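The values are calculated or read from the model by the stated rules, or taken from the named source; none is laboratory data. All of these numbers come straight from a predicted model, not from anything done at the bench. Cβ coordinates were reconstructed from backbone atoms using ideal geometry, including for glycine residues, and neighbour counts include every protein chain displayed. SASA here: full protein model, heavy atoms, side chains in, ligands and nucleic acids out. Shrake-Rupley method; radii C 1.70, N 1.55, O 1.52, S 1.80 Å.
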Amino acid sequence: MCGIVGYIGARDSVELLLKGLESLEYRGYDSAGIAVFDGSDIAVRKEKGRLAVLREILKDSPVSGNIGIGHTRWATHGVPSAKNSHPHLNNKNDIAVVHNGIIENHEALKKFLQEKGYTFISETDTEVIPNLIDYYYEGDLLKAVQKATKKLDGSYAIGVVAKAEPDKIVAVRKDSPLIVGLTDDGNFIASDIPAILAETRDVYLLNDGEFVTLKKDSVTLCDVDGNPINKEVYKVQFSAQASQKEGYDHFMLKEIHEQPQAIRNTLRGRLDKDLNLSLDNIKFSDDIKKLYIVACGTAYHAGLVGKKAIETLAGLPCEVCLASEFRYGEPLIDDTTAVLVVSQSGETADTLAVLRMAKKLGNKVYAITNVVGSSVAREADYVFYTYAGPEIAVASTKAYTTQLVAFYLFALSLAEQKKKVSQTQIDDIKNQLLKMDEVASSVFDKTEQIKALAEKIAGEHDVYFLGRGLDYIVAMEASLKLKEISYIHSDAYASGELKHGPIALIEDGTVVISICTNPDISNKLSSNVKEVLARGAKTIGFTSCLSDTAAYGDVLELPQIDPLLAPLPAIIPLQMLAYYVCTAKGFDVDKPRNLAKSVTVE
Ligand code: G6P
C-alpha cells in the first residue's frame, strides 16, 4: 500500500526520504518517487519498481535540498509507471503532491479543471490535486490546500510543497493515516510510524480534517477554516529495532518465532495465574443478543474461530462477515446487536467503513487491533489491543494468533457473564490458555520435518486442504498463507463437502493436506482422507488425534490441547510450511507479488 514521507529541516532531505520510504517497504508498492526543492525549482525523480531503481536514477541525476516529499505507490488508478508515480505536479511544475487514498470524484474535477485550461499527463486520480491547489492558490499554500480539499470526495493523506513557499510542507488527512514526526533539526510527515522511527519517537497522530504546516523549526495545526488545533505529543513505545529482522532471514520467520512472546503479551494484564480475567474495561450489555464480527483476510479467519469460541462458551450468537460484503449488504443492525471489528493494522478501508457505518446506526463497536493510535483504535467504542508488536511481513502470522487469544479472552469473559457453561470448564480453558505460549513454542521442534514437507510440495501446482469444524478454519487460513507467498493454487474445503464437487479435482498425485484436532469427529475426516487416497492423492496429515495414521504418506503431530483452542497451535506449522515452500521456490517472502500489508483503499 502507498507510503508517504516528507521532511523539512536543517539536513538534506533526499536520504531521509529514501530511508523513510525503505522502512515502509513492507506495506507493498510498485513505484517510488521524490520531489525536492533544490533552491530554485521543485525537482522530481520517480520510476516504476523498487526504491533501488529510484536510487539508481538519483545516482545519474542527483538532487538535493532541505525540503522534500516522497512516496511509494501501490497502483489503483492507472498501471505502475513513471508518469503515474507520485509526486505529481501541477501544470506549471511549481506545486508537488504525494497522496495516499482515492479521490472518488476525480473525473468530475478533471473535467472542471480541463475547462479552465489545465492538462493532465497521468492516468491517476491524484493529478487533479496539485492542479486544484494551483487553481485556488492566491499567495497562501495552506489556504489553497484547504479550499482544494473541500472539493475532494474520497480518502486522502496528502503532503504538498510549493516553489513559491519553500519554507513549508502542508499536509492533511481524511480516512487515510498520516502522522507528524518532531525532531530538533527538522520535522517529518509520514503515513506510518516506522518511517520516522530512526529519527524520532515524538509524533502527532493526525485526525481526519486536521491540516498541518511543517516548517524547519515549527509545526502548526488547524482545521479547514484555519482554527488552531492543539495536540499532545505521542511517544512511540516500540523501537526501531523492533522493526528489523533481528537475525532471521525474513520478517515472516521472525514473526512466526515471536508468537510465544506475542501470546504472552496479549495475555499480560488480562489473565493472571490465579485465573482472574479482566478485559480492559470492555463491557457487553445483556441487551446484546447478537454479535457481528467483521474483518478482512486473515483477521476474518480469526473471527470465524472467535464465533465458535464465543458461541460455545457464552452462547451468544455471532455472525462473521467480510467487511467488503457487510458494508454494502443490509445487515440487520438494531439495538440488540453489536459489531466487533478485527484488524491488525486498524487502517483497512473496508473494516473502517463498517465501523463507521455501525456507529452511525447507533451500534456499539468493539475492536480487536494491533496498532495503537490506528483509525480503528481511535474510533471504536471499546478497543482491545493484541500487543503483538509491529508485523512487517505481508503474510500475517503473529497478528493472527494473538487475535485468536483475544477472541478466547472475549469468549471467557462473556462466559463468566452469561454463565452458560460451568466455572470448572471456564477455568480449564483459562489454564490451557495460560500455557499456550509453551504449546506454541513446542511446534518449533518440528522445523526439520516441516522443511522436508515443504521440499516435497514446492513443485506442485495445486494443494488442497481439508478439515471439519474448527479444523476447516485452520485449513482456510493455511490455504491462504500458502497461496499468498508461494503462488501455488490452493483451496480449503470442509471435508464433508468433498463429495459435492471438490473430489472431481483429485487425480493421481494431487496433494491433499488434512487437519484433524478434534477426536470427536476424527473418524469422519479419516473417511474423507481414504476417499482421496483411493483416487491417487498424496496425503499429508497435520493431526493430534487421527488414530489410523499408518495409511498416510506423511503425518505431522500437532500438540495435544482442548479442541476449542487447537486452531492456534495448529496454524503455526502450516505458517511454517508456507514459509519454507516460498523460500524453496526462491520468492520474496515478506513482499509477495500484488499484495499489500495494509489495504487502505477499497
Ligand atoms: C491484507 C493483508 C492481510 C490482512 C488483511 C486485513 O490483505 O495482506 O494479511 O489479513 O489485509 O488486514 P487488517 O490490518 O485489517 O487485519
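Hey, can you rank 359-368, 218-227 by average C-beta count inside 10 Å, highest first?
359-368, 218-227
Checking the cross-link filter: which lysines have an alpha carbon closer than 22 Å to that of K499, excluding same-chain neighbours under 8 positions apart?
Straight-distance partners of K499: K524, K530, K538.
Out of residues 5 or more away from K538 or on other chains, whose amide H comes under 5 Å of its own, with H placed 1.01 Å from N in the peptide plane?
Correct list: G509, T510, V511, V512.
Residues with amide H under 5 Å of E319's amide H, sequence separation 5 or more or different chain, H placed in the peptide plane at 1.01 Å from N; which?
L291, Y292, I293
What do you get for trypsin sites (Lys or Arg not before Pro) in the range 136-199 restricted to DSSP loop and a cutoff of at most 11 other Cβ within 10 Å of the site's Cβ?
Qualifying residues, ordered by number: none.
G154's amide H: which non-local residues (gap 5+, or another chain) put their own amide H closer than 5 Å, with H modeled 1.01 Å from N in plane and none for Pro or chain starts?
Residues meeting the amide H criterion: E104.
Antiparallel versus total DSSP beta bridges in the chain: what percent is that, nearest 5?
So the antiparallel bridges in the chain amount to around 60 percent.
With helices defined as uninterrupted DSSP H runs, which ones in the chain have an alpha carbon span along their own long axis of at least 20 Å and mean Kyte-Doolittle hydropathy of at least -1.0?
Once both thresholds are applied, what remains is 297-314, 398-418, 470-486, 567-585.
Less than 11 Å Cβ to Cβ from V294, Lys/Arg counted +1 and Asp/Glu -1: what total charge do the surrounding residues give?
-2
Post the alpha-carbon centroid distance, the range 494-573 to the range 73-113, in whole angstrom.
50
Using a probe of 1.4 angstrom, how much of the accessible area of the range 14-110 is carbon and sulfur, in percent?
51
Using the Karplus curve 6.51 cos²θ - 1.76 cosθ + 1.60 with θ = phi - 60°, what ³J(HN,Hα) values do you get for each residue of the range 366-375, in whole Hz, with x for Gly and Pro?
Karplus values, whole Hz, x for Gly and Pro: 9, 9, 10, 8, 9, 9, 5, x, 5, 4.
What number comes out for the charge environment of I57, summing +1 per Lys or Arg and -1 per Asp or Glu over other residues with Cβ under 13 Å away?
Local net charge: +3.
For the chain, calculate the relative contact order in percent as a whole number, restricting contacts to Cα pairs under 8 Å that are 6 or more residues apart.
Relative contact order of the chain: 12 percent.
What ³J(HN,Hα) values, in whole Hz, does the Karplus curve 6.51 cos²θ - 1.76 cosθ + 1.60 give for the range 36-49 when θ = phi - 60°, with x put for Gly and Pro?
Calculated HN-Hα couplings, in order: 10, 7, 9, x, 10, 9, 8, 9, 10, 10, 7, 6, 5, x Hz.
Could you work out what % of the accessible surface of the range 172-216 is carbon and sulfur, using a 1.4 angstrom probe and leaving DNA, RNA and ligands out of the count?
For the range 172-216, the apolar C and S fraction of the accessible surface comes to 41 percent.
Order 50-56, 13-19, 395-401 from most to least packed using the mean count of other Cβ atoms within 10 Å.
Per-residue mean Cβ counts within 10 Å order the peptides as 395-401, 13-19, 50-56.
Through the Karplus equation 6.51 cos²θ - 1.76 cosθ + 1.60, θ set to phi - 60°, convert the phi angles of the range 268-274 into ³J(HN,Hα) values in whole Hz; use x for Gly and Pro.
Running phi through 6.51 cos²θ - 1.76 cosθ + 1.60 with θ = phi - 60° gives 4, x, 10, 9, 9, 5, 8 Hz.
For the chain, report the accessible area per residue in Å² (1.4 Å probe, heavy atoms, rounded to an integer).
38
Accessible area of the range 293-356 with a 1.4 Å probe: how many percent of it is carbon plus sulfur?
Exposed carbon and sulfur together represent 52 percent of the surface.
Near P260, within a Cβ-to-Cβ distance under 10 Å, what is the net charge of the other residues, with Lys and Arg +1 and Asp and Glu -1?
Result for the neighbourhood of P260: -1.
Given the -39500 (n - 2.57) contribution per DSSP H run of 4+ residues, what per-residue ellipticity at 222 nm results for the chain, rounded to the nearest 500 deg cm²/dmol?
One gets -10500 deg cm²/dmol as the mean residue ellipticity at 222 nm.
What does the highest-first list of 405-416, 75-86 look like by mean Cβ count within 10 Å?
Final packing ranking: 405-416, 75-86.
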